[in-house]
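First comes the structure, then the notes that go with it.
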Amino acid sequence: MNVQAWTFVMVGLSFALYIGVAIWARAGSTGEFYVAGGKVSPLTNGLATAADWMSAASFISMAGIISFMGRDGSVYLMGWTGGYVLLALLLAPYLRKFGKYTVPDFVGDRYYSQIARVVAVVCAIFVSFTYVAGQMRGVGIVFSRFLDVGINEGVLIGMAIVFFYAVLGGMKGITYTQVAQYCVLIFAFMVPAIYISIMITGQPVPQLGFGSTLADGSGVYLLERLDGLSQQLGFAAYTAGGKSTQDLFFITAALMVGTAGLPHVLVRFYTVPKVSGARSSAGWALLFIALLYTTAPAVAAFARTNLLSVIPEIAYTDVPEWFSKWESTGLIKFDDKNGDGHIQYTGPASDVENELTIDRDIMVLANPEIAQLPAWVVGLVAAGGLAAALSTAAGLLLVISSAVAHDLLKSTFRPNITDKGELLVARIAAGLAVCVAGYFGINPPGFVAQVVAFAFGLAAASFFPVILLGIFWKRANDRGAIAGMISGIGFTAGYIVYFKFMNPELNSAAHWLFGISPEGIGTFGMMINFAVAISVSLLTPPPPAAVQELVEEIRLPDHIGPAHELSA
Amino acid sequence: MSRDRRHAYWRTNLRYLTVLLFIWFAVSFGCGILFVEQLDQIRIGGFGLGFWFAQQGSIYCFVLLILAYVWLMNRADKKFESRKQEPGV
C-alpha cells in the first residue's frame, strides 16, 4: 500500500473510534454536558487534559519551530509545561472545591458582580475563538497534503466530526474521545521519533539519543555535528541562543501564566470528583504532556540534522519525492537565484544567497518521509495531527458554548430557564461555534499563528491574577478585579496591536518597552493587573463577610464546610 | 472545627507552596535562562547542562514538583481530617 492508502486507513480507523466513543458517552443533563457530571477519574481526566491541551501547535508546529530556533525554542518547552505547576499548586484544587461549571462562574461569585462575570465571559470567548481557528487550519493542512482533498473540504470534514461529538456528548463525550485521541497522538508522535533516533544515533530513547553520539561510527555527538553543520551554512550554532535574556524570561513567563489561565484547561479540573483528584489529575496531565514535550526537542534536532545534511547543494533535479510534494502545497519554495540548478540553503552569516524557504509547520509531518520511514508511519502521523487538532478544538468549543448558555443566558439574563432549555441552548451554541470556527479555518486571517501565541499573553494578563488573588487574598474585591482585568488585558492587547498591526516596522528590540517583544508582554500586563487590582481593592470597601467565608472554605480539603456538590 | 486548625492547615499549604515554587523558578528561569551560559560549561554526554535544563531537565522537574505536592497535601489532608474527629476538638 502507498502513503495515501495508509493515510486513509489510519485516519478512517481513528475517526470511527472517536464516533463510537461519542455515541457510547452521550450527555443527558447540563451537569454532564458542562463537566461530565463531575465523575471523571483523575487518571482519565489527566489523559483528556493532555489531549485537550496539546493542540495542532504542539503536535505539528512546535518541533518545527524549535528546529529552526535552536536553544531559543526552549521558551515553548518550558512555558507550555511550567504552567501546569502553577495550575496544580495555585489554581486547580481551589476551583474544584468551589465547584460549579465554568471559570466566569468563579469570577462572578467570588467578586459578587455581574460586570466581573461578563468581563470574564468576553475574555474567555475571545481567547477560545483565536485558538480554535488555528486548530481548524491544522486540520486543513493535514487533509490537503495527505489525502488530496482541498483545504476547504478538509475543514468541512473536521467540522462535521467535531460537531457530532461535541454537540451530542458535551463534556462527557469530549472527555472520553480525548482519551482515545491522546493514545492516537502520542503513538503517532513516538513511533517516528524512536525510528529516527535509532537511525541517527542507535539509541531507541529519543530523549537520550538527542545527547548521544552519531551512529556513523565517527564518535561525534549529534549536537556537535548539528552546531557544525549550522555554522558551516551561516546559521547560528543550534545550542546557542539568539534572543536577549530578558525577552526569553518574559516570553517564558507569559506562556506559563497563560497556560494556567486558559479557560479550556481550567474547566477540565471541575470534572473530577474531589479536590485531591484535581491535584493528582494535574500531575497525570503533565506526565502525559511531558512525554511529548521531552521528545519534541529531540525530534527537532534530528529533523534539522537530516535537513541540513540532505538539502544544501543538491541538484534541483535530484530532490527526493517528499520535497516535490510539499513544494506543490506551497509550503516549500525554491527560487534558483544564481541559476546553477542547485539548491543553496544558507543562513544570514553566509556569503551565498539563500534560495530556499521552508514553512516551519511542515517539519513534523515531513520528518518521517525525510527519514524514509515506511508508509504506514507517515499515515499514522497524519492521524495523530488530526487527533491533536480535533481534541483541542472540541474542548474550546465547549468553553464557548458554556460561556453563552451558562454564563450569559442562565447566570446573567434568564436565571429561571429550565435545565432542558439550557442544554438545548448549549448545544445550539456549540453548533454555531463549530460553524464560525470552520469559517476561520477556510478563510484564515493571515495572522492566526501569531494570534494564537498572543492568546496566552491575553489569558495571562486577564484571568490568572484575578483567580489567584480571589483564592489567596480575601481582601480582593469586585472593583479591584474588574479594574485589574480591564487594565491588564487592555494594556497587553494595545501593545500587541501597536507593534503587530499598526506599526509593524517599529517591531524591533530598539523600540520595545524594556526590550520585551509583543510575545512576552503578557507578563508585564499580568503585573499591571496585579498592581491595579491590589491598589483599587485597598482603596475601596472590603468584600462582604459571606464572600470572605467562601474564600476560607475553598482553601480547606474535601467535605469541609458546606458541600458544593454537582447536581448531575 | 476550630479556626486555629484551619489556619494551621492553610499555613502548612503555604509553606509547601513557597518551597516548591522556589524550586520551580530555579530549574526553569534559573538554570534554563538566567545561568544557562555558565551551566553550559558543564557537559553531560552531548549536552551542555544549561541546554539540557532548558530543553529536558526543567520538564522532568515540573512533573516531580507536582507529584511531590500531591503527596504532601494528601498527607496534610489526612492529618487534618483525623484531628477533626478527635473528641473535644
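Please treat every number below as a calculation from the coordinates, not as lab data. Here the structure is a predicted model, which means the values were calculated and not measured. Backbone-built Cβ (ideal geometry, glycine too); neighbour counts: all protein chains shown.
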Pairing the Cα long axis of helix B:58-85 with the longest principal axis of chain B, what angle in degrees results, from 0 to 90 and rounded to the nearest 10? 10
Residues A:264, A:342, A:511 arranged by fewest to most Cβ contacts within 10 Å: A:511, A:342, A:264
Label zone at residue B:25, where the point sits 7 Å out along the Cα-to-Cβ direction: segment A:62-98 residues whose backbone N lies under 11 Å: none
What is segment A:9-106 by shape, rounded, prolate or oblate, if you read a ≥ b ≥ c off the alpha carbon gyration tensor as root eigenvalues and call it rounded for a/c under 1.5, prolate for a/b larger than b/c, and oblate otherwise? oblate
Longest DSSP-loop-exposure-free segment, GluC sites (Glu not before Pro), chain A, at most 15 other Cβ within 10 Å: A:1-312
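So for segment A:192-347, what are the equivalent ellipsoid semi-axes in whole Å, largest first, each being the square root of 5 times an eigenvalue of the Cα gyration tensor? Mind showing how you got there, number by number?
Working: eigenvalues 284, 82, 62 Å².
Semi-axis lengths for segment A:192-347 are 38, 20, 18 Å.
Using just the helices of chain A, give the 222 nm mean residue ellipticity in deg cm²/dmol: DSSP H runs with n ≥ 4 each add -39,500 (n - 2.57), and the total is spread over all residues, rounded to 500.
Values: 22 runs with 372 residues, N = 568.
It lands at -22000 deg cm²/dmol.
Please give the direction-averaged projected area of the C-alpha convex hull for segment B:3-83, in square nanometres with one decimal.
Values: hull surface 24.0 nm².
The directionally averaged projection comes out at 6.0 nm².
What pairs in A:172/A:474; A:243/A:325; A:97/A:172; A:337/A:500; A:97/A:420 have C-alpha atoms more than 24 Å from each other?
Listed pairs above 24 Å: A:172/A:474; A:243/A:325; A:337/A:500; A:97/A:420.
What full-extension length gain, to one decimal in nm, is calculated for residue A:41 and residue A:511 as 0.36 nm per residue of separation minus the Cα-Cα distance? Don't skip to the answer; put the middle values down first.
On the way: separation 470, 0.36 × 470 = 169.20 nm, distance 4.96 nm.
Separation in residues times 0.36 nm, less the Cα-Cα distance, equals 164.2 nm.
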Relative intensity, log₁₀ I(q)/I(0), of segment A:106-174 from a Debye sum that treats every alpha carbon as a point, q = 0.13, 0.15, 0.25 Å⁻¹: -0.56, -0.67, -1.02
Spin-label pair residue B:38/residue A:439, simplified geometry with 7 Å Cα→Cβ offset, distance in nm: 5.5
Label-point separation (nm) for residue A:5 and residue A:539, each offset 7 Å from Cα along Cα-to-Cβ? 7.3
Kirkwood Rh in Å, taken over all unlike Cα pairs in segment A:310-367: 11.9
Label zone at residue A:473, where the point sits 7 Å out along the Cα-to-Cβ direction: segment A:93-133 residues whose backbone N lies under 17 Å: A:107, A:110-112
Rg and Dmax of chain A, Cα atoms, in Å? 24.0, 79
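What helices does chain A hold that run 30 Å or longer along their axis, going by alpha-carbon atoms, with a Kyte-Doolittle average of 0.0 or more, using DSSP H for the helix calls?
Numbers: long enough: A:3-24 (32 Å, 1.70); A:114-146 (48 Å, 1.35); A:151-201 (47 Å, 1.53); A:275-310 (52 Å, 1.09); A:375-402 (41 Å, 1.89); A:419-442 (35 Å, 1.21); A:448-472 (35 Å, 2.21).
Correct list, ordered by number: A:3-24, A:114-146, A:151-201, A:275-310, A:375-402, A:419-442, A:448-472.
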Roughly speaking, what is the stretch gain from residue A:335 to residue A:13, that is 0.36 nm per residue apart minus the C-alpha to C-alpha distance, in nm to one decimal? 111.9 nm
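So if each residue of separation counts as 0.36 nm, and I subtract the Cα-Cα distance between residue A:418 and residue A:552, what length gain in nm does that give? Write down the numbers at each step before the final one.
Values: separation 134, 0.36 × 134 = 48.24 nm, distance 3.17 nm.
Contour length minus Cα-Cα distance gives 45.1 nm.
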A student applying the Cα gyration tensor rule (rounded when a/c is under 1.5; otherwise prolate if a/b is larger than b/c, oblate if not) would label segment A:335-411 oblate
